[in-house]
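Contents: one structure, followed by commentary.
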Amino acid sequence: MQDRIVLSMRGIGKSFPGVRALHNVDFTLREGEIHALMGENGAGKSTLIKVLTGVYTKDAGTISIDSTEISIRSPQDAQKAGISTVYQEITLCPNLTVAENMFIGRENGALVGWRRRYQRAGEILDSLGIPARPRQQLGSCSLAVQQMVAIARAVDMDCKVLILDEPTSSLDDKEVEMLFSLMRDLKSRGVGIIFVTHFLEQVYAVSDRITVLRNGELVGEYEVEHLPQVELVAKMMGKELQGLSDLKRDDSPDDDESTPVYEASALTSTTGIAPFDFTIRQGEVNGFTGLLGSGRSESVRAIFGADRTSSGAIRMDGLTVRNKSPKQAMKHGIGYLPEDRKDDGIIADLSVRENIILAMQVMKGFFHPLSQSQQEAFADEYIKALEIKTASSDTPIKSLSGGNQQKVILARWLLTHPKYLILDEPTRGIDVGTKTEIQRLVRKLAEEGMSVTFISSEIEEMLRTCSRLIVMRDRHIVGELRGTELTQDNVMRTIAGGEQAQ
């Protein structure tokens, strides 16, 4: 690793209406290093990258390349400065050849005609060890090779700073290692690489340094060998490594002799989570925990059939069933509040009443519509029961606050009287009072016999709410905690891979 600084960002600030996304953030990238940019959801990673690439204009601070301060007001400015980005979603054209993707949209007087461009593409591919042919259609290549072609395009544009934004999220282990080999090759050529990922093991496999952001501010910059994984997790989450055994939480009964309400064996889906076993019993509140990208949401989406399952067996109340779709899951008594309330939960232009009765109507079938009086009776019942603040049941749901929208989605599922309810981030983005109401409701539902899986980014909330936690890392279940094991320290150490604090 070289000491020459190729990129320096100092005092970067960026605000949006009502939100301070970045405050006085510093970031330094050296020539020929791989530098991981880490932080949980909302930490400011994406905003910092967008400032660097000209998608956003910074409100404060300076950016320098090779010790020269520059102004980046557009992606074109970033490209001219030698800054290239390869995103998680490949932005190339699969119907074109590899060479066409490498040179499309670029005017280069040194390359006259496509014959010479195909020759140049072959030279670049060979020099980087990329297993693709210039005239090969890009869509015939694996995702890993497509990522490599995108990187080759960036490198050929005199790239000094290469940003890789979640490049491994859709790759298997063999493809990840192929990509890492290319990253190490580019590092040896002096390219500075910013590596954005949620996979802890990958950070320690390939990175030289780590910068951690939290809540839009810089936590610190660290040499990889001096930052154990458990301490990285603690810094990302903003928690010191100390026991929280005094945290009070009522445990749900756990009768291992009772028949599970839901039981999965070797369940997996097309999202790439590792096959996992899972059981929940009547009246239990359990949860999936882990860093963002660990696979917690993908796991419950597989349970509900929201993502297509590729293997595994499912039993409910001791009987083998098929949950190949949300509708089948609903018929078996499963409800699911999704992580993304706005895109996957509410239907913004419909009324509160129409959103509440939606799941019930799906179960009855649209050839057996609920009458207006039935709809109004159901809506009024749950508006009162959950204390949803709305002018009337006919108010468009988009007019409600985030917390009240969340209550409407909860009402939708409670109306179906599920045996098993999955709540993925039910308290994200809502006020403290409503959070407490939802946590109390979850405990009440469990006491009445409902089984609940609860997911939250906040460890304290999980510890208060759940009697058992399934811990995930890099799309694998890596541990299970219950009883006296349920402490913040144990959760963070399990996420980090069992390391002890140094």
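The values are calculated or read from the model by the stated rules, or taken from the named source; none is laboratory data. Computed from a predicted structure; not experimentally measured. Here Cβ is always computed from backbone atoms with ideal geometry, including for glycine, and neighbour counts include all displayed protein chains. Side chains included, ligands, DNA and RNA excluded: accessible areas come from the protein's heavy atoms. Shrake-Rupley method; radii C 1.70, N 1.55, O 1.52, S 1.80 Å.
Miscellaneous remarks
- Distant-in-sequence amide contacts of Gly335, defined by a placed amide H-H separation under 5 Å and a gap of 5 or more residues or a different chain, comprise Tyr420, Leu421, Ile422.
- √(5λ) per eigenvalue of the Cα gyration tensor, segment 250-344, largest first, Å: 20, 17, 14
- Trypsin sites (Lys or Arg not before Pro) restricted to DSSP loop in segment 30-93 with at most 14 other C-beta within 10 Å: Arg73
- If only the Cβ of Lys and Arg carry +1 and only the Cβ of Asp and Glu carry -1, the dipole of segment 78-185 around its Cα centre is close to 600 debye.
- Across q = 0.16, 0.17 Å⁻¹, segment 366-502 modelled as identical point scatterers on its alpha-carbon atoms has Debye log10 I(q)/I(0) values of -0.91, -0.98, in the order of the q list.
- Relative to the longest principal axis of the Cα atoms of the chain, the long axis of helix 173-188 makes an angle of roughly 40 degrees.
- Sulfur and carbon atoms: percent of accessible area, segment 251-341 [1.4 Å]: 45
- All-pairs Cα distance distribution in the chain, expressed in whole percent, bin size 20 Å: 21, 48, 28, 3
- Computed over segment 1-145, the P(r) curve from all C-alpha pair distances, binned at 5 Å from the origin, holds 2, 8, 14, 16, 15, 15, 13, 10, 5, 1, 0 percent per bin.
- Rounded tilt (10° steps) of 402-414 against the dominant C-alpha axis of the chain: 50
- By a 1.4 Å probe calculation restricted to protein chains, Asp343 has an accessible surface near 120 Å², given to the nearest 10.
- Amide hydrogen proximity for Gly82: with H placed 1.01 Å from N in the peptide plane, no residue at 5 or more positions away or on another chain lies under 5 Å.
- Here the peptides 408-414, 217-223 are ranked by packing, the mean other Cβ count within 10 Å, and the order with the highest first is 408-414, 217-223.
- Spin-label pair Lys324-Ser181: with each label point 7 Å from Cα along the Cα-Cβ axis, the two points sit 3.9 nm from one another.
- The residues of segment 79-206 present an accessible area of 45 Å² per residue when probed at 1.4 Å with all protein chains retained.
- From the Kirkwood radius over Cα pairs of segment 57-99, Stokes-Einstein at 25 °C and 0.890 mPa s returns a whole-number translational diffusion coefficient of 191 µm²/s.
- Cα lying deepest toward the dipole's positive end in the chain, options Val55, Gly283, Gln202, charges on Cβ: Val55
- Span from the segment 36-75 Cα centroid across to the segment 394-418 one, whole angstrom: 38
- The charge dipole of the chain, taken about the Cα centre with unit charges on the Cβ atoms of Lys, Arg (+1) and Asp, Glu (-1), comes to about 1480 debye, rounded to the nearest 20.
- According to the Cα-based calculation, Rg over Rh for segment 324-440 is 0.94, with Rh computed by the Kirkwood formula.
- For the chain, the 222 nm mean residue ellipticity estimated from helices alone, with every DSSP H stretch of n ≥ 4 adding -39500 (n - 2.57) and the total spread over all residues, rounds to -9500 deg cm²/dmol.
- Computed over the Cα atoms of segment 67-194, the ratio of the radius of gyration to the Kirkwood radius (Rg/Rh) comes to 0.95.
- Where trypsin sites (Lys or Arg not before Pro) fall in DSSP loop in segment 199-239, at most 10 other Cβ within 10 Å: none
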